[in-house]
Each structure stands twice: as structure tokens, then as C-alpha cells.
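Before any comments, here is the structure.
The values are calculated or read from the model by the stated rules, or taken from the named source; none is laboratory data. It should be emphasised that the depicted structure is a prediction, and the values quoted were computed from it without experimental measurement. Positions of Cβ are backbone-derived with ideal geometry, glycine not excepted, and every protein chain shown enters the neighbour counts.
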Amino acid sequence: MSEPSIASRRTYDNRARQEKAAQTRKRIVAAGSELVHDFDSWNWRDLTFRAVAERAGVGERTVYRHFPTERHLHDAVMQRLESEAGISYEDVDLTNIGDVTGRVFASLQRFSVRKSVEAPQDPTFVGVDVRRREALTRAVSAAAPGWSAAEQQVTAGLLDVLWNVPSYERLVGEWDIEGTDATRAIAWVMAKVVAAIEDDAPPPA
């Protein structure tokens, strides 16, 4: 029997190296996903090359070979998390946006993460936040006395999310919407919630 040719051995070696590299990359991304699951916030500053390398059991240089920057590493980890949750933003339309949103929020329940935006700690702002929530709770309870406590709480919470400054800032900063237009848009959505109250159409709770 003749010996394998040099070309065939090279092809085999290249294929073996490629498979090994692919497995190493998967291990690195999996390690990043495991780390994120342990974080107590969505701040990924601790998702570093060193931390991922230690969790994956490889050297930092190995991580660098697969991901030239931490941004590339973070993107790969996020893609894995989205895949685990069955999320595909490319397929989103108005007929499935509710289902996709539900999967996004359901995926958060698998993490130790509690918040992505730090709440203000200044007592003045904390006091304003408490007063706003109390006012919304009173208003909804008075307008929908026949609703359950859970339905009233969900509705008041929805209004609070819309009223909150980060909602306005995201429309202005990320969507490049003029401040006055952003304000009118938020008021428009809030009016839809109010209309649901007036129509006695409580949210699922």
C-alpha cells in the first residue's frame, strides 16, 4: 500500500487545525457567556480577555488570535446569548414583535443581572422617583377600582417606564428624535394606556 501523498497529509493537517481552532473559539465564547451569567449588572467592563481566558482555560494570546478586540469578543458573546434565547432581530416584524420581545425579556431571567441602568442615588432624585410611583399608583387605582392589584401595578409600572427620563433620553440620543417630538410621542403612548383603562381593558397580570 502506498504512503499518503504530502498534499493529502497537508489537507488533513489543515482540516484538523481548523476544527481545533473552531472548538477553541466555541470554548472561549462559552466561557464569556458563563461570565455574563454571573454578572450583577449589564456593565460588561469585567468581560475582559484575561477573565475569559481564565474561564476557558486558555492563554490570553489565544483569545487575541480569535478576537482582535474586546468589542469582537463581546459581539460574539452577545450573538451566543441571542441564539440561546431564540432571538433573531433580522426576522422581526409587527406580527411577531410581541413574541420576540417576550423572548428577550424571558432570557434576562436566566441571569443574575438585575439592572442595566444605574438608578440615581441622590436622595433628592430618589424622593422624586418614590413620589412619582406613588402618584401613578393612586391615579390608576382610582381610575380602575375594579382591576386586581396586580393589574393596577402593571399599568402604573408601564406609565412609570414611559414617564422615566431614560425613555426620553433614548428617543433623543439613540433615535435622533427632536425633544419636543419625543415628548409628544411618549404622551401619545401614555394616552393609549389611559384609553385602555377607560375601556376597562386591563393588561395581562
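Within segment 184-202, restricting attention to residues that are at pLDDT 95 or above and in contact with a Phe, Trp or Tyr (Cβ under 9 Å, 6 or more places away or on another chain), which residue is farthest from Leu159 (Cα to Cα)?
Asp200
Test Arg80 against the criterion of being surrounded by fewer than 12 Cβ atoms within 10 Å (Cβ to Cβ), assigned by TED's automatic domain parsing to the domain that holds Ala21 and outside any loop (DSSP other than H, G, I, E, B), and give yes or no.
On the way: surrounded by fewer than 12 Cβ atoms within 10 Å (Cβ to Cβ): no; assigned by TED's automatic domain parsing to the domain that holds Ala21: yes; outside any loop (DSSP other than H, G, I, E, B): yes.
No; evaluated as a whole, the condition is false for this residue.
Yes or no: Arg103 part of a helix (DSSP H, G or I), within 25 Å of Thr24 (Cβ to Cβ), in the same structural domain as Val36 (by TED's automatic domain parsing) and basic (Lys, Arg)? Steps first, answer last, please.
Values: part of a helix (DSSP H, G or I): yes; within 25 Å of Thr24 (Cβ to Cβ): no; in the same structural domain as Val36 (by TED's automatic domain parsing): yes; basic (Lys, Arg): yes.
Spelling it out, it is not the case that Arg103 is part of a helix (DSSP H, G or I), within 25 Å of Thr24 (Cβ to Cβ), in the same structural domain as Val36 (by TED's automatic domain parsing) and basic (Lys, Arg).
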